[in-house]
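For reference, the structure is listed below as structure tokens.
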Amino acid sequence: MNPQLILCLTGMPGSGKTTVAKAIERMGFYYISLGDVVREETLSRGLEVNDGNCGIVMKDLREKFGPQAVAQLSLKNFPRDKRLIVVDGIRSVHEVQVYRSIGKTRLLAIHASPERRYHFLVSRGRKDAPVSREDFDLRDRRELEVGLGDAIALSDEIISNNSTLNALIKKVKVQVRIWLKEDV
């Protein structure tokens, strides 16, 4: 069996990472969401899952256990028997290093304008969506404080989400196929 290929997705909140991750999952990848890891930890602490509480828990995990803490938590249920894995929600290069220690890893950043991201986050209707533009800006700053900008800057590729979702998915699939060919 070839070694695992772990495709890590990064990008600012609302850039389209989960949409991309789900499309990659349909290509035969096993899906892991680091956001789900934080949401589960938030619930386990008896807190309501909302943007504020998830942000507090995410920062607390990193302060107590290091910048790779969320990725480390994801390893509890990490599928060692799957060859293709997509990890949604990388927030720092330290998290990428966790996955590099167990398999071949590629980091793909998804970029979208702040206006597009804000509209998407509000329209998707999740409990942790920002309730105002000010909340959105605070979330962006919090994400950048934990190293998200470095992860984006050091990604293997950056794909812009500036058109339709179909166009985004098409660009992503082309890139993933290139990486799969390189992995053969």
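The requirement of being touching a residue at least 40 places away in the same chain (Cβ under 8 Å) and within 12 Å of the chain's Cα centre (by Cα) is not satisfied by Gly28. Criterion applied to Leu144, Leu165, Leu108 was being open to solvent by less than 20 Å² (accessible area, probe 1.4 Å) and within 18 Å of the chain's Cα centre (by Cα), and the one residue passing it is Leu108. Would a scan of the stretch 158-176 turn up a residue that is at pLDDT 95 or above, touching a helix residue (DSSP H, G or I) at 6+ places or on another chain (Cβ under 9 Å), closer than 27 Å to Arg62 by Cβ and not hydrophobic (A, V, I, L, M, F, W, C)? Yes, the stretch 158-176 contains at least one residue that is at pLDDT 95 or above, touching a helix residue (DSSP H, G or I) at 6+ places or on another chain (Cβ under 9 Å), closer than 27 Å to Arg62 by Cβ and not hydrophobic (A, V, I, L, M, F, W, C).
Can you go through Val174, Val122, Val131 and tell me which one is part of a loop (DSSP other than H, G, I, E, B), of a type outside the set (Asp, Glu) and open to solvent by 40 Å² or more (accessible area, probe 1.4 Å)? Break it down into steps so the answer makes sense when it comes.
Details: Val174 fails: part of a loop (DSSP other than H, G, I, E, B); Val122 fails: part of a loop (DSSP other than H, G, I, E, B).
The conditions single out Val131.
For the stretch 79-118, filtering for residues that are closer than 23 Å to Ala167 by Cα and either in contact with a Lys or Arg (Cβ under 8 Å, 6 or more places away or on another chain) or hydroxyl-bearing (Ser, Thr, Tyr) (or both) leaves 5. Going residue by residue through the stretch 103-115, is there one that turns out to be without any contact (Cβ under 8 Å) to a residue 12 or more places away in the chain and basic (Lys, Arg)? Taking every residue of the stretch 103-115 in turn, none turns out to be without any contact (Cβ under 8 Å) to a residue 12 or more places away in the chain and basic (Lys, Arg). If you check Val174, Val146 for being out of contact with any Asp or Glu (no Cβ under 7 Å at 6 or more places or on another chain), without any contact (Cβ under 8 Å) to a residue 12 or more places away in the chain, over 15 Å from Lys17 (Cβ atoms) and among the β-branched types (Val, Ile, Thr), only one passes: Val174.
The values are calculated or read from the model by the stated rules, or taken from the named source; none is laboratory data. In this text the structure is predicted, and so the values were computed from the model without any measurement. Ideal geometry is used to build each Cβ from the backbone, glycine not excepted, and the neighbour counts take in all protein chains shown. Calculation scope for accessible area: heavy atoms of the full protein, side chains included, ligands and nucleic acids excluded. Shrake-Rupley method; radii C 1.70, N 1.55, O 1.52, S 1.80 Å.
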